[in-house]
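Enquirer: Shown below is the structure under consideration.
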Amino acid sequence: MNVFIALGLPLLVVTTQVGHAVTSELHKIVHSEFQPLIDKSLPKDKRYQSLIVGIVTPFETQIIPLGRTFELGNAPTEKIIFEIGSITKGFLGLLLVQESLKGSLDLDRPFNLNSDLKLASYAGTEVTWRNLAQHTAGLPRLPDNFTPADPLQPYVDYDIQKLKAFVSGFKPNRPPGTASDYSKLGAGLVGYALEQKYKMSFEQLLLQGFLKKLGMVDTSVQLTAEQSGRLAPVFKNGIETQPWQWNISSVLQGAGALRSTAKDMTILLKTMMGLGAPEFLPISTLATDPTFRMGNNFELGLFWQHLKAQNITWHNGATFGSRSFFGFDPDRLVGIVVLSNSSLMDAAGVDQRFDLASIEVIQKVVASLKMDKPIKVLKDIDVEIARRVSEFRKTPAAPEDKEWVRLKMAHMVDIDQYIRSLFSQVSEHGFDDREIDFFHKAYRRRIHMLDWKNTQDLKQLIKIHGWFKISEWGSQLDNQAWLLVQHADNDPDFQIEVLKTLSVLYKINETAPSNYAYLFDRVAASSNDPSKGRPQRYGTQGFCAGPGKWEPLEIEDAAKVDSRRAEVGLPPLKEYIEFFKDICK
């Protein structure tokens, strides 16, 4: 395995690829749960025309087709485009968090401050963006003037004039934030308001926000001619019908306008579970973490839903001719996406077998992986981190007070060092190769989130106090702040900004010269650095090339590295390499 190291503390664990003979088991589970839904012995109005199932585990991704898109057609492929219906709302939740993290949107401020649509308050309490995303705004499922000219195309002609007419006359019957009722209207309002705020279409917002970065090239509202040729035909109760249409004047797009493929949706699934694009993990975590509870088992994040007992984050979707499900267990790193070009409906509503089968597959795959040992260790880690956080919270927050800042910095470094110290202890638990592989991936997910949280807190402290100069704060605070910046790889712009500051301060002894050297190399070696692969200067960043063997990444003018290291108080490179012999296992 490869390890990037700063002062002997693992930052990024990249495990070797371990062979896992689990593919056949995944297929067996999927077929056992979904084959009954496409069984041709069933009447057409009781079976699905076709399904495609994407399964993601810590070890592999499988895309499994079932049935045929037409009675005499081919099985669906990962590139066939399906309507995903209300899963669109989950995308909306991710977009909201992304904008809030940029600082351009406050989820807890009144919605009316950012929209030309003014929602009535209840006894002076205004609806917030968060209320809309949690379905707690007191809005109905759909507006009472939702009367489509064509019943088969319910959203295409609902425009801004109709939406304004409804909003102007609507009066809530309870305070926002007190109860949750699923509202397509609320999602539509959020999508429309974001379009107005940022002066671009819902589709453009998603494309610019994360679809392009993640490589989700077939997720969109409007299809190109080529994509239209890959759109699956749709069936309602066994009879072919029409895909839903949307145009530029359809203002409720946020409620369910997206189309996508199994390939794109498994990319998103992996990313949201922390198995790809680590910089996206805070976005997906904040969007999905439950903050509103309904009963004993049902919880809500921002448009995302959570089953507490099963520990499954999910959203489903349905149009008049399609069904979809997207869900995952965030701790066990198992998820599923299921897309179908059929919708089965009766007087009781949409067929529930689809969602129940999807949840059952997640649970059966989790059980089949047999990861109980590392999961128990990870739970113990979570409990200990929660204990340390809870202990610090007993001290009232006072970010302007220097003594509180010292306590806060010590707390952040304590968490940082604790989580990193566990890497070298894996061998103590007697894990086999598969368990080690799983543990590293789940462990890395925790490191990313803790680093992100520490980075946000540190940025706020620096905003108030500036850099912690040695003459004012002492060398301990300088070193603690540097360590946290060194581990802020999810925010390379912040690292670059601090590097510029330290490049001045180390020359006047207001920061340790070695801190500048380590951060210079960190930024240079980062793939996120604008210079793209610039060699490091001091040889501080490297990887385990084998047991007991650590090698530095590329060094500029390597023959002079020891003289440069001496200038910043670092030992010769040979001694530094020797330091890591016991770390590289």
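The values are calculated or read from the model by the stated rules, or taken from the named source; none is laboratory data. All figures in this text were calculated on a predicted structure; none of them were measured in a lab. Backbone-built Cβ (ideal geometry, glycine too); neighbour counts: all protein chains shown. Ligands, DNA and RNA are excluded from the accessible area calculation, which covers all protein heavy atoms including side chains. Shrake-Rupley method; radii C 1.70, N 1.55, O 1.52, S 1.80 Å.
Enquirer: Taking only region 381-395 into account, find how many residues are surrounded by 11 or more Cβ atoms within 10 Å (Cβ to Cβ) and either among the small types (Gly, Ala, Ser) or not in a helix (DSSP H, G or I) (or both).
Expert: We begin by selecting, within region 381-395, every residue surrounded by 11 or more Cβ atoms within 10 Å (Cβ to Cβ); these are 381-382, 384-385, 388-389, 391-392, 395.
If we keep only those that are either among the small types (Gly, Ala, Ser) or not in a helix (DSSP H, G or I) (or both) too, we end up with 395.
Counting residues in region 381-395 that are surrounded by 11 or more Cβ atoms within 10 Å (Cβ to Cβ) and either among the small types (Gly, Ala, Ser) or not in a helix (DSSP H, G or I) (or both) gives 1.
Enquirer: In region 115-141, what residues are in contact with a Phe, Trp or Tyr (Cβ under 9 Å, 6 or more places away or on another chain) and among the hydrophobic types (A, V, I, L, M, F, W, C)?
Expert: Result: LEU117, LEU119, ALA120, VAL127, TRP129, LEU132, ALA133, ALA137, LEU139.
Enquirer: Here's another thing I want to ask about it. Can you name every residue in region 491-518 that is open to solvent by 40 Å² or more (accessible area, probe 1.4 Å) and farther than 22 Å from PRO552 by Cβ?
Expert: ASP493, GLU497, LYS500, THR501, VAL504, LYS507, ILE508, ASN509 - these are the residues of region 491-518 that are open to solvent by 40 Å² or more (accessible area, probe 1.4 Å) and farther than 22 Å from PRO552 by Cβ.
Enquirer: Across region 343-364, what is the total count of residues that are open to solvent by less than 60 Å² (accessible area, probe 1.4 Å) and in a helix (DSSP H, G or I)?
Expert: Of the residues in region 343-364, 7 are open to solvent by less than 60 Å² (accessible area, probe 1.4 Å) and in a helix (DSSP H, G or I).
Enquirer: Right, another one. Yes or no: region 147-165 includes at least one residue that is among the aliphatic types (A, V, I, L, M), part of a loop (DSSP other than H, G, I, E, B) and at positive phi.
Expert: Taking region 147-165 as the starting set, the residues that turn out to be among the aliphatic types (A, V, I, L, M) are 149, 152, 156, 160, 163, 165.
Checking which are part of a loop (DSSP other than H, G, I, E, B) leaves us with 149, 152, 156.
From the residues that got through so far, the ones that are at positive phi too are none.
Within region 147-165 (the criterion being among the aliphatic types (A, V, I, L, M), part of a loop (DSSP other than H, G, I, E, B) and at positive phi), the answer is no, since none of the residues qualifies.
Enquirer: Which members of region 434-483 meet the condition of being open to solvent by less than 10 Å² (accessible area, probe 1.4 Å), more than 16 Å from ASP416 (Cα to Cα) and either among the polar types (S, T, N, Q) or not in a helix (DSSP H, G or I) (or both)?
Expert: Matches in region 434-483: PHE468 only.
Enquirer: Same structure, new question: Return the residues of region 166-209 that are under 16 Å from PRO110 (Cα atoms), of a type in the set (Gly, Ala, Ser) and outside any helix (DSSP H, G or I); say none if nothing qualifies.
Expert: Of everything in region 166-209, just one residue is under 16 Å from PRO110 (Cα atoms), of a type in the set (Gly, Ala, Ser) and outside any helix (DSSP H, G or I), namely GLY177.
Enquirer: Can you give me the number of residues within region 60-77 that are within 19 Å of PHE326 (Cβ to Cβ) and surrounded by 14 or more Cβ atoms within 10 Å (Cβ to Cβ)? I'd like the intermediate steps shown before the answer.
Expert: So in region 60-77, the residues within 19 Å of PHE326 (Cβ to Cβ) come out as 60-66, 76-77.
If we keep only those that are surrounded by 14 or more Cβ atoms within 10 Å (Cβ to Cβ) as well, we get 61-66, 76-77.
Count: 8.
Enquirer: Please determine whether any residue of region 113-132 is under 30 Å from VAL53 (Cβ atoms) and in contact (Cβ under 8 Å) with a residue 24 or more places away in the chain.
Expert: Keep residues of region 113-132 that are under 30 Å from VAL53 (Cβ atoms), which gives none.
No, there is no match, as no residue in region 113-132 is under 30 Å from VAL53 (Cβ atoms) and in contact (Cβ under 8 Å) with a residue 24 or more places away in the chain.
Enquirer: Among the listed residues GLU203, GLU195, which satisfies the condition of being surrounded by 18 or more Cβ atoms within 10 Å (Cβ to Cβ), free of Cβ contacts under 8 Å to residues at least 12 places away in the same chain and under 25 Å from the mean Cα position of the chain (by Cα)? Walk me through it before giving the result.
Expert: Numbers: GLU203 fails: free of Cβ contacts under 8 Å to residues at least 12 places away in the same chain.
Going through GLU203, GLU195 in turn, just one is surrounded by 18 or more Cβ atoms within 10 Å (Cβ to Cβ), free of Cβ contacts under 8 Å to residues at least 12 places away in the same chain and under 25 Å from the mean Cα position of the chain (by Cα): GLU195.
Enquirer: Could I ask something else about it? Can you tell me which residues in region 44-60 are in contact with a Leu (Cβ under 7 Å, 6 or more places away or on another chain), assigned to a loop (DSSP other than H, G, I, E, B) and not polar (S, T, N, Q)?
Expert: If the condition is that a residue be in contact with a Leu (Cβ under 7 Å, 6 or more places away or on another chain), assigned to a loop (DSSP other than H, G, I, E, B) and not polar (S, T, N, Q), then ARG47, TYR48, PRO58 are the ones that fit.
Enquirer: Also: Please go through region 211-220 and give me each residue that is over 18 Å from MET200 (Cβ atoms) and either in a strand (DSSP E or B) or not hydrophobic (A, V, I, L, M, F, W, C) (or both), ordered by number. Break it down into steps so the answer makes sense when it comes.
Expert: Of all residues in region 211-220, those over 18 Å from MET200 (Cβ atoms) come to 214-215, 217-218.
Across region 211-220, the qualifying residues are GLY215, ASP218.
Enquirer: Taking the criterion of being on the phi > 0 side of the Ramachandran plot and outside any strand (DSSP E or B), would at least one residue in region 365-380 satisfy it?
Expert: If we filter region 365-380 for residues that are on the phi > 0 side of the Ramachandran plot, which is where we start, we get 370.
Narrowing the set further to residues that are outside any strand (DSSP E or B) leaves 370.
Within region 365-380 (the criterion being on the phi > 0 side of the Ramachandran plot and outside any strand (DSSP E or B)), the answer is yes, since at least one residue qualifies.
Enquirer: Within region 561-585, take every residue that is more than 19 Å from LEU519 (Cα to Cα) and more than 39 Å from the chain's Cα centre (by Cα) and give me the one that is surrounded by the most Cβ atoms within 10 Å (Cβ to Cβ).
Expert: Checking each candidate, the answer is GLU575.
Enquirer: What's the total number of residues in region 212-228 that are touching a helix residue (DSSP H, G or I) at 6+ places or on another chain (Cβ under 8 Å), aliphatic (A, V, I, L, M) and without any contact (Cβ under 8 Å) to a residue 40 or more places away in the chain?
Expert: 1
Enquirer: Please go through (1) touching a residue at least 12 places away in the same chain (Cβ under 8 Å); (2) closer than 28 Å to MET272 by Cβ; (3) more than 24 Å from the chain's Cα centre (by Cα) for ARG387 and return the number of the only condition it doesn't satisfy.
Expert: The failed condition is (1).
Enquirer: How many residues does region 78-110 hold that are part of a loop (DSSP other than H, G, I, E, B), open to solvent by 20 Å² or more (accessible area, probe 1.4 Å) and within 18 Å of PHE202 (Cα to Cα)? Step through it out loud before you land on a result.
Expert: From region 78-110, those part of a loop (DSSP other than H, G, I, E, B) are 78-80, 84-86, 103-109; that's our starting set.
Now narrow it down to the ones that are open to solvent by 20 Å² or more (accessible area, probe 1.4 Å): 78-80, 103-104, 106, 108-109.
Narrowing the set further to residues that are within 18 Å of PHE202 (Cα to Cα) leaves 104.
Counting residues in region 78-110 that are part of a loop (DSSP other than H, G, I, E, B), open to solvent by 20 Å² or more (accessible area, probe 1.4 Å) and within 18 Å of PHE202 (Cα to Cα) gives 1.
Enquirer: Okay, moving on. What number of residues in region 531-553 are within 32 Å of the chain's Cα centre (by Cα), part of a loop (DSSP other than H, G, I, E, B) and at pLDDT 90 or above?
Expert: Residues in region 531-553 being within 32 Å of the chain's Cα centre (by Cα), part of a loop (DSSP other than H, G, I, E, B) and at pLDDT 90 or above: 4 in total.
Enquirer: Looking only at region 221-254, filter to residues that are assigned to a loop (DSSP other than H, G, I, E, B) and open to solvent by 60 Å² or more (accessible area, probe 1.4 Å); which one of those is farthest from PHE59 (Cα to Cα)?
Expert: ILE248
Enquirer: Please specify each residue of region 263-307 satisfying the condition of being over 24 Å from GLY188 (Cα atoms), open to solvent by less than 20 Å² (accessible area, probe 1.4 Å) and either of a type in the set (Val, Ile, Thr) or over 14 Å from the mean Cα position of the chain (by Cα) (or both).
Expert: Hits for region 263-307 are THR266, THR271.
Enquirer: Suppose we filter region 255-287 for residues that are among the aliphatic types (A, V, I, L, M) and outside any helix (DSSP H, G or I); how many remain?
Expert: So the first thing to find is which residues in region 255-287 are among the aliphatic types (A, V, I, L, M), and the list is 255, 257-258, 262, 265, 267-269, 272-273, 275, 277, 281, 283, 286-287.
Okay, now just the ones that are also outside any helix (DSSP H, G or I), so 257-258, 273, 275, 277.
Qualifying residue count, region 255-287: 5.
Enquirer: For region 396-423, enumerate the residues that are surrounded by fewer than 15 Cβ atoms within 10 Å (Cβ to Cβ) and either hydroxyl-bearing (Ser, Thr, Tyr) or part of a loop (DSSP other than H, G, I, E, B) (or both).
Expert: Those that are surrounded by fewer than 15 Cβ atoms within 10 Å (Cβ to Cβ) and either hydroxyl-bearing (Ser, Thr, Tyr) or part of a loop (DSSP other than H, G, I, E, B) (or both): PRO396, ALA397, ALA398, PRO399, GLU400, ASP401, TYR418, SER421.
Enquirer: Still on this structure: Would you point out which residue out of PRO65, PRO58 is touching a residue at least 60 places away in the same chain (Cβ under 8 Å) and farther than 23 Å from ALA257 by Cα? Walk me through it before giving the result.
Expert: Details: PRO65 fails: touching a residue at least 60 places away in the same chain (Cβ under 8 Å).
The unique qualifying residue is PRO58.
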